[in-house]
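Peer 1: Have a look at the structure that comes next, please.
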Amino acid sequence: MMNDSIILKTEEELLKDEKEFRGFFKNASLQEFWKAHFLKYNFDPEPDNFNWEYWRKIPLMTKEEFSDNLRLKLRDAEDEMSFSIFNFLLRVTSGTTAKKPALLLHYISEAEKTIEDLERGIRLWQPYHIGLRWALTGILLNKKNAGKSQQFLIIDPFKIDSKMANALIDFKAQSINGLPSNLSKFAAIFSSFSGFASSIKKIIFGGDFVSRAQFEIIRNFFPKINDDLIVSDYIMTECGRIGTFCEYLKKKYGGYQAYHPAVKNGVMEIVNADSNGYGEIIVSKIKPDKAAIIRYRTGDVGKALREKCPCGNTFSLLLLGRADFDYIKCAGTLIIRKELERVLNNFHDDIKEWRADVRELSGVEPIGELSIKIKPSEKLSRNKNKIQDISLKISGGLFLTPSKTLSDLVADKKFMPLRMEIVDEFPDTQKKILLRKIED
Ligand SMILES: [Zn+2]
């Protein structure tokens, strides 16, 4: 049982929410999706006994479990809408090939297109998976407001094609949203279509590290956008927005990895926190009812701070990294394999393979040390200066806390300077261990 969860809400907020959550829970236990999940864990919902201790006993849900029961979730939603979800939601527009639909357009009538204040957005996410929550939410909202709520185009970032250009220009999106890597790819592919980006007023990054190179490509493609309109909400797959971007937090923590938890109609939790407060981020959203998600394991690691922000929020969420990485805690930081990959990918012409070792050197306070062994390209192996230069660039680009790079931590005397070792060949093992901790 995850009884150690930290709920990111004030006591008053929790008290206010209690009735709402109890009500939701009564309905949820009637839905096929939730019935199947609770049955799997032998969890017997008792909404009448709801309180926040009870809440902590509700089984967590993994991404796999969510995917496995997706069919039930769609059926639950369809019930309410009383028509086929797929007929209503999507049509394949022209300009695509006979392959799987790459461009999916939410139904928009001609009359609606003239309404200026509608939110029209491009969502650069894989449909059916990441786009699912928006799709369900959009349908339910549009139905409630006679089709006048929001219009969005879900584009699979892996299938962007310059043939889509005309359809996209016609759509006149006001916002675009996706992972930084997908947005920069989008900008690169459509860079030759002038005037393309003129309707876009806002860019929303999904929760991932934004590299300077990506940022520049995106800025150049959307010339009308100023920094204030580039918003980096922390958004994820099945649960929609998890963290909301805030200018004050950006200044305070020096980057795009600090957010306010998006707790409207929901709850954020940190479970299994270590002594520094870092643990897995758990998300629950209870509205709209049929698109709800409860105690969903994001796989992301973060820390919650209870602090009053000038914007009025009471909690901050510091995000350390994405799911499916290996990570190692070291000297008060987290060394994340994905983050290492992100930085080392910049040198893929020079570094053929790499392995990283992490060590904690004991002292009054532990000091961290990171060693990276590299197998260099032939060209690089003869160039000592270049190896030195790469080592400095890695230290300056590698984030070990939400706001500090390895160089910053070396300057703070929390870390030893990066050690780079050249090897001829790595041993041929079955499983490559890219990142490991050395216990001395
Ligand atoms: Zn704030």
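Peer 1: Which of the residues belonging to the stretch 370-388 are surrounded by fewer than 18 Cβ atoms within 10 Å (Cβ to Cβ) and outside any helix (DSSP H, G or I)?
Peer 2: Hits for the stretch 370-388 are Ser371, Lys373, Lys375, Ser377, Arg382, Asn383.
Conditions (1) among the acidic types (Asp, Glu); (2) loosely packed, with under 11 Cβ neighbours inside 10 Å; (3) modelled with pLDDT of 90 or more, marked per residue:
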{"position": "Met1", "(1), (2), (3)": "no, yes, no"}
{"position": "Ile7", "(1), (2), (3)": "no, no, yes"}
{"position": "Ala28", "(1), (2), (3)": "no, no, no"}
{"position": "Leu74", "(1), (2), (3)": "no, no, no"}
{"position": "Glu78", "(1), (2), (3)": "yes, no, no"}
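Peer 1: Next question, about the same structure. Can you say whether Ile235 is at pLDDT below 85 and within 29 Å of Trp55 (Cα to Cα), as far as the supplied structure shows?
Peer 2: Yes: the conditions hold for Ile235.
Peer 1: Could we say that Glu369 is of a type in the set (Asp, Glu) and free of Cβ contacts under 8 Å to residues at least 12 places away in the same chain here?
Peer 2: no
Peer 1: Please give the strands (runs of 3 or more DSSP E) falling wholly within the stretch 215-312 in which 3 or more residues are within 14 Å of the chain's Cα centre (by Cα) and within 16 Å of the ligand (Cβ to nearest atom). Working first, answer last.
Peer 2: On the way: elements: 234-236, 240-244, 258-261, 266-271, 278-285, 293-306.
Of the strands (runs of 3 or more DSSP E) lying wholly inside the stretch 215-312, those with at least 3 residues that are within 14 Å of the chain's Cα centre (by Cα) and within 16 Å of the ligand (Cβ to nearest atom) span 240-244, 258-261.
The values are calculated or read from the model by the stated rules, or taken from the named source; none is laboratory data. The structure presented is a predicted model; accordingly, all values stated were derived computationally and were not measured. As a convention, Cβ positions derive from the backbone with ideal geometry for all residues, glycine included, and neighbour counts pool all protein chains shown.
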